[in-house]
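Trainee: The structure follows.
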Amino acid sequence: MNGFGGEVRAPYRALADWLGVQHLDTLRQKSAEAEVLFRRSGITFAVYGAEEAGERLIPFDILPRIIAAEEWRRLELGIEQRVRALNAFLYDIYHRQEILKAGKIPEELITQNSAFLPEMIGVDPPRGVYSHIIGVDLVRTGENDFMVLEDNTRTPSGVSYMLENRETMMHLFPDLFSRNRVRPVENYPDALLKTLESVAPGNLDAEPTIALLTPGVYNSAYFEHSFLADQMGVELVESTDLVVIDGLLRMKTTEGLKRVDVLYRRVDDDFLDPLVFDPTSLLGVPGIFDVYRSGRVTIVNAPGAGIADDKAIYSYIPAIIEFYTGKSPILPNVETYNCREPSSLKYVLEHLAELVVKEVHGSGGYGMLVGPKSTKEQIEAFRAKLIANPTNYIAQPTLALSTCPTLADSSVSARHLDLRPFVLIGDQVRLMPGGLTRVALKKGSLVVNSSQGGGTKDTWVLQE
Amino acid sequence: MLGRTANDLYWLSRYIERAENIARLLEVGYRIVLLPREGESFHEEWRSTLESAGCLQGYVQRHGELMSQNVIDYMLFDTSNPSSIASCLASARRNGRAQRTALTREMWESLNSAWLEFSAIRPATVTSNSLPELLDWVRSRSALYRGALLNTILRNDTYYFSQVGTFIERADSTARILDVKYYHLLPSSEMVGSEKDNYQWAALLRSVSAHRSYRWVFKDHYRPLKIADFMILNRQMPRSLRSCYDELTAALRDLAVFYGIRHDCQTTAEATRDLLLEADMRNIFQSGLHEFVQDFIGRNNKLGNEISAAYHFSD
C-alpha cells in the first residue's frame with residue numbers, strides 16, 4: 001500500500017483513511033464474521049483423505065488489494081497479448097511447428113515433454129482455441145512493474161474464491177464500496193457460459209448442451225466445480241454420468257441419454273480417456289478422445305494445452321510472443337535460468353543462496369528452494385538434487401514483491417502477495433476486472449500457496 | 001437432470017425425513033420410560049422403539065441388553081447404525097454436497113449447518129436432561145430444511161423428486177410405527193381406560209404429532225379403531241398413509257407432465273392411493289391390521305424401486 005517509496009499510493013487513499021478510524025477489535029470481529037459466512041456456505045477445499053477432517057477453509061483477509069484504473073488498462077493489454085500468443089503457439093505446435101523450424105525453441109523441449117500430446121497433432125479445435133480459460137499469475141515488483149510469474153493454461157482454479165470473496169466483502173463492508181468505485185466481477189459465470197457456447201462444434205441443430213466434468217466430491221476444487229456449474233445452470237457431471245455411444249458424447253439423465261456438445265473438464269489430460277491416455281484412470285470417459293477428434297464435442301481446455309504453461313517453456317514465452325505477434329511483450333517474464341543449459345546451471349549453482357529454484361513439473365509450492373530463507377544444510381542438500389538432475393529445475397531471482405495491509409494477529413501489517421486474473425478466450429477475449437489475490441500470511445514469507453498456509457483477499461479494480 | 005442427481009435428491013429427502021422420525025420415536029420412548037412402573041422393566045418399550053426404527057437387530061448385535069443410555073446413543077450418535085441421526089445427517093449432507101448445484105443456497109446452508117452443529121456435539125455431554133432439547137433441535141432442523149425447500153426451490157423435477165423421497169419415507173415410517181406399536185398395545189386392550197393405557201395411546205399419536213389433532217377431528221377418547229383410521233385413512237392428517245399417497249401421486253403426476261411421459265410407477269402409486277381411498281377401517285380390522293400394514297410396506301418399497309428404474313437413478 002505504501003508503494004516502494006513509503007507514501008500511501010493513490011488507489012489506497014480512501015482505504016487508508018477508513019482504516020485510520022477503525023478499531024482493531026471491530027476488524028477482528030468482521031474477520032470472524034467472514035469466517036462464519038464461508039464456513040456456512042461450505043466454501044472449503046478438500047484435502048485428500050477422510051471426508052470430515054478433509055475440508056478446510058482458505059484463510060480470508062478482509063482488507064482488499066486495490067489496483068488503479070490505469071494500471072489495470074496496461075495489465076489488460078499485456079494479458080490479452082499473452083493469451084493470444086499462447087493460443088497461436090499451441091495451434092502452431094500441433095500443426096506446422098513453424099516456431100521449431102525457425103529455431104526459436106529447442107525441438108526436444110517440446111517433443112520430449114510429457115505435456116505435449118502427439119495425439120493432438122493435426123486436430124482442429126473450434127475457432128482454433130486450445131486454452132479457453134487461463135489464469136495468469138502476476139507479481140508487482142516495482143511502482144509500475146507487473147511481471148508474469150506463471151501461466152496456467154490447463155485447468156486453472158480459484159475463480160470461485162474471486163467471486164465469493166467479493167460477495168463476502170459486500171456483505172461485511174457496504175460502506176467501503178460506497179467510498180471506492182470498484183468494478184464488478186459478478187458476471188464471470190455469464191462470460192464463461194458465453195465463451196463455452198461460442199466454441200461449440202459447428203452445425204448443431206439446437207443450442208449447445210454444456211456440462212462441467214469434475215473428478216468428484218473428494219477433489220480439492222470440488223466446491224469450485226459445483227459453484228461454477230450452478231452459476232451457469234449446466235450439469236455437473238462425473239465420469240460415470242457420461243458414455244460414448246454412436247460417436248457422440250452423452251450423459252445419463254432421468255429421461256435417458258442426452259448429447260453433450262461442450263465439456264468443460266476439470267480433470268487432467270492423463271485421466272480424460274483411458275483408451276488413449278492412462279488406461280487405469282476411472283475419472284475419464286472411454287472413447288471421448290475419438291469424439292473430440294471427429295469434431296463432435298468441444299473439450300475445454302483442449303487436451304495438450306499444458307505444453308504452454310510448462311515451466312521449461314516459460315523462459316521462451318517472450319520469444320513466443322514476439323514470434324506470433326511481431327511485438328515485444330507488454331508484460332515481462334521474471335528472469336529465469338533453465339538449469340538444462342550448462343551456463344545457466346553454473347550461474348545457479350554459484351548463486352543458490354539468492355535464488356528461488358523450482359521443479360519444472362512441480363506445483364503448489366512443493367519441491368522448491370527459497371535461497372534467502374534456507375539454511376546452509378538445506379541449500380547443500382538441494383545442490384545435490386540439482387546436480388543429479390539439472391533438466392528438472394529452473395531458477396529465478398527472489399523478487400521484491402509488493403505488499404498490502406493485512407489483518408495479522410496483533411495488528412494490521414504488510415504481507416506479500418500475488419495476483420491471478422482470469423481470462424476467457426472464445427469468439428473474443430473476456431477478462432474480468434479483478435482476480436484472485438493470494439497473500440502470504442506469515443511475516444516476510446513469499447509463499448502464497450493455499451496448500452502452504454497462504455490466504456486470499458478481495459481484489460478491487462477501480463473505475464476511472 | 002442427471003439420473004444420479006435424481007437419486008441423490010430422492011435420498012437426501014428420505015434421510016432428512018428419517019432423522020426427524022427417529023427423533024420422534026426416541027421422544028416417545030423416552031416419555032414412556034419416565035412413567036412410574038410397578039416392578040416391570042422398560043425393556044419392551046425400548047424394544048418396540050428400536051423395532052419401529054428398524055434398528056433392533058443392529059442394536060442387539062452391538063450392545064445386547066436393552067439399556068436406556070445405549071439405546072439413545074445408538075439411535076443418536078452411532079455411525080455404524082445407518083439410521084442413526086448422525087448417519088442420516090451425514091448421508092443427507094453428503095448427497096446435498098454432491099448435488100450442490102441442484103439445491104438453493106438456503107437448502108444447502110440449512111443442511112450444512114445442521115450437520116456441522118450436530119457433529120460438534122460430544123455424546124458424553126448429552127444427559128437425560130438435555131435429551132428432549134436435542135430431539136427438538138433435530139425436528140426443527142428437519143423443518144427448517146423442508147421449509148427452505150418449499151419456499152425456495154423451482155417447481156420442477158428437483159422439487160418433485162424431493163417430494164417423492166419425503167413421502168415414501170414418511171409413509172414407510174408411519175406404517176412401521178403403527179404396526180409395531182399397535183402390536184404391543186393390543187394385549188393391554190382389556191384395561192382400556194386405565195391411566196397407563198391412555199398414556200400409551202397418546203404416545204402412539206404423539207410420535208406422529210397427532211395427539212391433539214386426533215381430538216380436534218374426533219372429539220372423542222383415544223380408541224384403537226379411530227387411531228388406526230386416523231393414521232391410515234384420514235386425509236386431513238399429514239402423516240397418514242392416505243396423505244402421503246395424495247402427495248406421492250401428485251408429485252409423480254407432476255413428473256409425468258414435466259417429462260411428457262407416464263411410467264408404471266404412476267399406475268402403481270395410484271392403485272395404492274385408490275386402495276386407501278376405498279378402504280374401510282372395520283374391514284381392515286376384521287381381516288387383520290398387521291397383514292394390511294405389511295402389504296402396504298411391500299407396495300411402498302415396490303414403488304420406490306419402480307421410480308428408481310423409470311428415471312434411471314443408477315444406470
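The values are calculated or read from the model by the stated rules, or taken from the named source; none is laboratory data. Not measured: the values here are computed from a predicted model. As a convention, Cβ positions derive from the backbone with ideal geometry for all residues, glycine included, and neighbour counts pool all protein chains shown.
Trainee: Based on what the data block shows, is B:Ala310 touching a residue at least 24 places away in the same chain (Cβ under 8 Å) and within 14 Å of chain A (Cβ to nearest Cβ)?
Mentor: On the way: touching a residue at least 24 places away in the same chain (Cβ under 8 Å): yes; within 14 Å of chain A (Cβ to nearest Cβ): yes.
Spelling it out, B:Ala310 is indeed touching a residue at least 24 places away in the same chain (Cβ under 8 Å) and within 14 Å of chain A (Cβ to nearest Cβ).
Trainee: Tell me yes or no: at least one residue of segment B:251-273 is in contact (Cβ under 8 Å) with a residue 60 or more places away in the chain, surrounded by fewer than 19 Cβ atoms within 10 Å (Cβ to Cβ) and hydroxyl-bearing (Ser, Thr, Tyr).
Mentor: yes
Trainee: Here are some residues: B:Leu50, B:Leu89. Which one is within 14 Å of chain A (Cβ to nearest Cβ), crowded, with 19+ Cβ neighbours inside 10 Å and at negative phi? Reasoning before the result, please.
Mentor: Details: B:Leu50 fails: within 14 Å of chain A (Cβ to nearest Cβ).
Result: B:Leu89 is the single residue among B:Leu50, B:Leu89 that is within 14 Å of chain A (Cβ to nearest Cβ), crowded, with 19+ Cβ neighbours inside 10 Å and at negative phi.
Trainee: Does any residue of segment A:124-140 turn out to be assigned to a loop (DSSP other than H, G, I, E, B), under 20 Å from A:Ala302 (Cα atoms) and small (Gly, Ala, Ser)?
Mentor: Start the filter on segment A:124-140 by keeping residues that are assigned to a loop (DSSP other than H, G, I, E, B), which leaves A:124-125, A:129-132.
With under 20 Å from A:Ala302 (Cα atoms) added as a condition, the list becomes A:124-125, A:129-132.
If we keep only those that are small (Gly, Ala, Ser) as well, we get A:131.
Scanning segment A:124-140, I find at least one residue that is assigned to a loop (DSSP other than H, G, I, E, B), under 20 Å from A:Ala302 (Cα atoms) and small (Gly, Ala, Ser), so the answer is yes.
Trainee: With respect to B:Ser173, determine if the residue is among the polar types (S, T, N, Q), buried (at least 24 other Cβ atoms within 10 Å of the Cβ) and either under 27 Å from A:Ile43 (Cβ atoms) or within 11 Å of chain A (Cβ to nearest Cβ) (or both). I'd like the intermediate steps shown before the answer.
Mentor: Working: among the polar types (S, T, N, Q): yes; buried (at least 24 other Cβ atoms within 10 Å of the Cβ): yes; either under 27 Å from A:Ile43 (Cβ atoms) or within 11 Å of chain A (Cβ to nearest Cβ) (or both): no.
Considered against the rule, which asks whether it is among the polar types (S, T, N, Q), buried (at least 24 other Cβ atoms within 10 Å of the Cβ) and either under 27 Å from A:Ile43 (Cβ atoms) or within 11 Å of chain A (Cβ to nearest Cβ) (or both), B:Ser173 comes out as no.
Trainee: Of all the residues that make up segment B:115-155, how many are away from every other protein chain (no Cβ under 11 Å) and surrounded by 15 or more Cβ atoms within 10 Å (Cβ to Cβ)?
Mentor: Result for segment B:115-155: 17.
Trainee: Find the residue count for segment B:281-301, including only residues that are exposed (fewer than 13 other Cβ atoms within 10 Å of the Cβ) and either of a type in the set (Phe, Trp, Tyr) or modelled with pLDDT of 95 or more (or both).
Mentor: So the answer is 2.
Trainee: Something else now. Evaluate segment A:431-442: report whether one residue or more is over 16 Å from the mean Cα position of the chain (by Cα) and not in a loop (DSSP other than H, G, I, E, B). Before the answer, list the steps.
Mentor: Of all residues in segment A:431-442, those over 16 Å from the mean Cα position of the chain (by Cα) come to A:440-442.
Those left that are additionally not in a loop (DSSP other than H, G, I, E, B): none.
For segment A:431-442, residues over 16 Å from the mean Cα position of the chain (by Cα) and not in a loop (DSSP other than H, G, I, E, B): absent.
Trainee: While we're on this one: Does A:Leu212 satisfy the condition of being closer than 20 Å to A:Gly426 by Cβ, within 12 Å of chain B (Cβ to nearest Cβ) and modelled with pLDDT of 95 or more?
Mentor: On the way: closer than 20 Å to A:Gly426 by Cβ: yes; within 12 Å of chain B (Cβ to nearest Cβ): yes; modelled with pLDDT of 95 or more: yes.
For A:Leu212, the condition - closer than 20 Å to A:Gly426 by Cβ, within 12 Å of chain B (Cβ to nearest Cβ) and modelled with pLDDT of 95 or more - is met.
Trainee: Tell me which helices (runs of 4 or more DSSP H) are completely within segment B:78-171 and hold 2 or more residues being in contact with a helix residue (DSSP H, G or I) (Cβ under 6 Å, 6 or more places away or on another chain) and in contact (Cβ under 8 Å) with a residue 60 or more places away in the chain, or say none if there are none. Don't jump to the end; show me each part of the working.
Mentor: Details: elements: B:85-98, B:105-119, B:131-152.
Of the helices (runs of 4 or more DSSP H) lying wholly inside segment B:78-171, those with at least 2 residues that are in contact with a helix residue (DSSP H, G or I) (Cβ under 6 Å, 6 or more places away or on another chain) and in contact (Cβ under 8 Å) with a residue 60 or more places away in the chain span B:85-98, B:131-152.
Trainee: Still on this structure, please answer the following. Which of the residues spanning segment A:249-270 are closer than 26 Å to B:Ala6 by Cβ and within 27 Å of the chain's Cα centre (by Cα)? Can you show your working first?
Mentor: Going residue by residue through segment A:249-270, those that are closer than 26 Å to B:Ala6 by Cβ are A:249-267.
If the condition is that a residue be closer than 26 Å to B:Ala6 by Cβ and within 27 Å of the chain's Cα centre (by Cα), then A:Val260, A:Asp261, A:Val262, A:Leu263, A:Tyr264, A:Arg265, A:Arg266, A:Val267 are the ones that fit.
Trainee: Return the only residue of A:Leu436, A:Leu431, A:Leu462, A:Leu369 being modelled with pLDDT under 90 and surrounded by 19 or more Cβ atoms within 10 Å (Cβ to Cβ). Let's see the steps before the verdict.
Mentor: Details: A:Leu436 fails: modelled with pLDDT under 90; A:Leu431 fails: modelled with pLDDT under 90; A:Leu462 fails: modelled with pLDDT under 90.
Unique residue meeting the criteria: A:Leu369.
Trainee: Among the numbered conditions (1) out of contact with any Leu (no Cβ under 8 Å at 6 or more places or on another chain); (2) surrounded by fewer than 15 Cβ atoms within 10 Å (Cβ to Cβ), tell me where A:Arg181 comes up short.
Mentor: (1)
Trainee: Any chance segment B:38-45 includes a residue that's more than 14 Å from chain A (Cβ to nearest Cβ), in a helix (DSSP H, G or I) and crowded, with 19+ Cβ neighbours inside 10 Å? Even if it seems obvious, please write down each step before you answer.
Mentor: The first filter runs over segment B:38-45 and keeps only residues more than 14 Å from chain A (Cβ to nearest Cβ), leaving B:38-45.
When the remaining residues are screened for being in a helix (DSSP H, G or I), the result is B:43-45.
Right, trim to crowded, with 19+ Cβ neighbours inside 10 Å and you get B:45.
Yes.
Trainee: So which of B:Lys226, B:Lys196, B:Lys181 ends up being at pLDDT below 80, among the basic types (Lys, Arg) and surrounded by 15 or more Cβ atoms within 10 Å (Cβ to Cβ)?
Mentor: Numbers: B:Lys226 fails: at pLDDT below 80; B:Lys196 fails: surrounded by 15 or more Cβ atoms within 10 Å (Cβ to Cβ).
None of the other options fit; the residue is B:Lys181.
This table checks each residue for (1) closer than 22 Å to A:Tyr12 by Cα; (2) surrounded by fewer than 17 Cβ atoms within 10 Å (Cβ to Cβ).
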position: A:Pro405; (1), (2): yes, no
position: A:Ser413; (1), (2): yes, yes
position: A:His416; (1), (2): yes, no
position: A:Arg420; (1), (2): yes, no
position: A:Leu424; (1), (2): no, no
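Trainee: Hey, among the residues in segment A:253-276 that are crowded, with 20+ Cβ neighbours inside 10 Å and farther than 18 Å from A:Val300 by Cβ, which one's farthest from the other protein chains (Cβ to nearest Cβ)?
Mentor: A:Pro274
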